[in-house]
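Taking it in order: structure first as structure tokens, then the write-up.
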Amino acid sequence: QVQLVESGGGLVQPGGSLRLSCAASGRFFSITTMGWYRQAPGKQRELVADMSSSRTTNYAESVKGRFTISRDLAKNSVHLQMSSLKPEDTAVYYCNARVRLFWYEEPQDYWGQGTQVAVSS
């Protein structure tokens with residue numbers, strides 16, 4: 001019922017910038033929280049940033065001051081502006097959405113397919 005499609009990943013030099021985008025489509029009642037997770041080789045998936053429908057945000061300590069999350073509620077999309085990128089930011093980045101399919105049900109998590117971000121000289 002819900003599909004999340006990411007775009008914007010790629011190869012960038014240290015200190016550079018990238019902007020990730022994700023759009024949700026399908027049939028659902030509402031989306032409560034949208035955000036981004038990442039997973040580097042050999043590591044667990046971790047929260048990078050998310051934003052609730054009330055625009056409350058959460059950021060990983062490692063990205064505060066460098067990354068900015070934004071959300072367009074009307075378009076069911078979320079974006080991650082990444083600046084001052086470091087090699088340790090290299091990972092597959094996954095879009096996440098907590099989706100309420102019906103008004104009488106609790107929201108559940110949906111995931112995008114992932115987009116690769118590589119920070120290297």
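Annotation: extensible slack from SER54 through ALA74 equals 5.9 nm (criterion: 0.36 nm per residue apart, minus Cα-Cα distance).
Using a 1.4 Å probe over the heavy atoms of the protein chains, calculate the carbon and sulfur portion of the accessible area of the chain as a whole percent. Here carbon and sulfur together make up 48 percent of the probe-accessible area. Sorting ASP109, ASP89, ASP72 by solvent-accessible area of protein heavy atoms yields ASP109, ASP72, ASP89, largest first, with a 1.4 Å probe. Taking the DSSP bridge list for the chain and keeping only pairs wholly inside it, about 95 percent are antiparallel. Estimate the FRET efficiency between LYS86 and ASP109 by the formula 1/(1 + (r/R0)^6), using the beta-carbon distance for r and 35 Å for R0, to the nearest 0.05. Working from the Cβ atoms, E equals 0.80. Taking every protein chain into account, the 1.4 Å probe leaves LYS43 with about 120 Å² of accessible area, to the nearest ten. For the stretch 52-121, what number results from the quotient of the Cα radius of gyration and 2.2 N^0.38 Å? Scaled against compact globular proteins, the figure is 1.30.
Computed over the alpha-carbon atoms, the chain gives an Rg to Rh ratio of 0.98, Rh here being the Kirkwood radius from the mean inverse distance.
Annotation: per residue accessible area for the chain equals 54 Å², rounded to a whole number [probe 1.4 Å, protein chains only]. Residues of the stretch 36-55 falling in the label zone of SER7, defined by backbone nitrogen less than 11 Å from a point 7 Å along Cα to beta-carbon, are absent. Which lysines have a Cα lying under 29 Å from the Cα of LYS43, excluding residues fewer than 8 positions away in the same chain? The reachable lysines, counting only those whose Cα sits under 29 Å from LYS43, are LYS64, LYS86.
The values are calculated or read from the model by the stated rules, or taken from the named source; none is laboratory data. Every value quoted in this text rests on a predicted model; they were computed, and no experiment measured them. Positions of Cβ are backbone-derived with ideal geometry, glycine not excepted, and every protein chain shown enters the neighbour counts. Ligands, DNA and RNA are excluded from the accessible area calculation, which covers all protein heavy atoms including side chains. Shrake-Rupley method; radii C 1.70, N 1.55, O 1.52, S 1.80 Å.
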